[in-house]
Amino acid sequence: SQSNIVHIFLPMAMHNLFELNKALDHNLLDATVSAFSGFAQRLSWPHYSDLLDKLLRFTSQRRDLEKVLIRAVTAVLDGFHFRKNIQDDVKGLHGSAAAAAA
C-alpha cells in the first residue's frame, strides 16, 4: 500500500542512497535508484511531490552524492503517472468554451 511505501520502503531506499559505499555496493545502489521509479508510480500527488522535493533539496545539500541523487530524481520523474495527455485537456476546454458560447 501507499502507506507502506511512504513509511517503510522510501526510508530504507533513502538510507541506501546516503549510506552505501558507491564503489563496493554499486549493484544495490543501482537497484535502489531503479526502485524509486516503481515507488513513484504508486504514490498520490502529495507524496510524489514531497519525494521529488526532498530529493531535489538533498541534491543541493549533498554535493558528494549529487550524481546518485540526480539518478534518483530521474527515476522518480520516469515514474510520473498523472494526466500525461494535456493536449486532450486543452482540446476539451476549447470544445467546452465553444459549446457554452453557442
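Within region 14-31, take every residue that is surrounded by 14 or more Cβ atoms within 10 Å (Cβ to Cβ) and either among the charged types (D, E, K, R) or in a helix (DSSP H, G or I) (or both) and give me the one that is nearest to the chain's Cα centre (by Cα).
Met14
Taking the options Ser49, Ser1, name whichever one is among the hydroxyl-bearing types (Ser, Thr, Tyr), under 23 Å from Phe82 (Cα atoms) and open to solvent by less than 90 Å² (accessible area, probe 1.4 Å).
Just one listed residue meets the conditions, Ser49.
Being open to solvent by 40 Å² or more (accessible area, probe 1.4 Å) and either under 22 Å from Ile8 (Cβ atoms) or in contact with a Lys or Arg (Cβ under 7 Å, 6 or more places away or on another chain) (or both) is the filter here, so list the residues in region 52-65 that pass it.
Asp53, Lys54, Arg57, Phe58
I'd like to know if region 55-72 contains one or more residues that are aliphatic (A, V, I, L, M), under 18 Å from Asn4 (Cβ atoms) and part of a helix (DSSP H, G or I).
No, region 55-72 contains no residue that is aliphatic (A, V, I, L, M), under 18 Å from Asn4 (Cβ atoms) and part of a helix (DSSP H, G or I).
Working carefully through the options Ser96, Ser34, find the one that is at pLDDT below 95, assigned to a helix (DSSP H, G or I) and exposed (fewer than 12 other Cβ atoms within 10 Å of the Cβ).
Checking each option against the conditions leaves just Ser96.
Go through region 4-13 residue by residue and tally those that are surrounded by 12 or more Cβ atoms within 10 Å (Cβ to Cβ) and out of contact with any Asp or Glu (no Cβ under 9 Å at 6 or more places or on another chain).
4
The values are calculated or read from the model by the stated rules, or taken from the named source; none is laboratory data. Predicted model only: the values in this text are computed from it and were never measured. Note: ideal-geometry Cβ built from the backbone for every residue, glycine included; neighbour counts use all protein chains shown. With ligands, DNA and RNA removed, areas are computed over all heavy atoms of the protein, side chains included. Shrake-Rupley method; radii C 1.70, N 1.55, O 1.52, S 1.80 Å.
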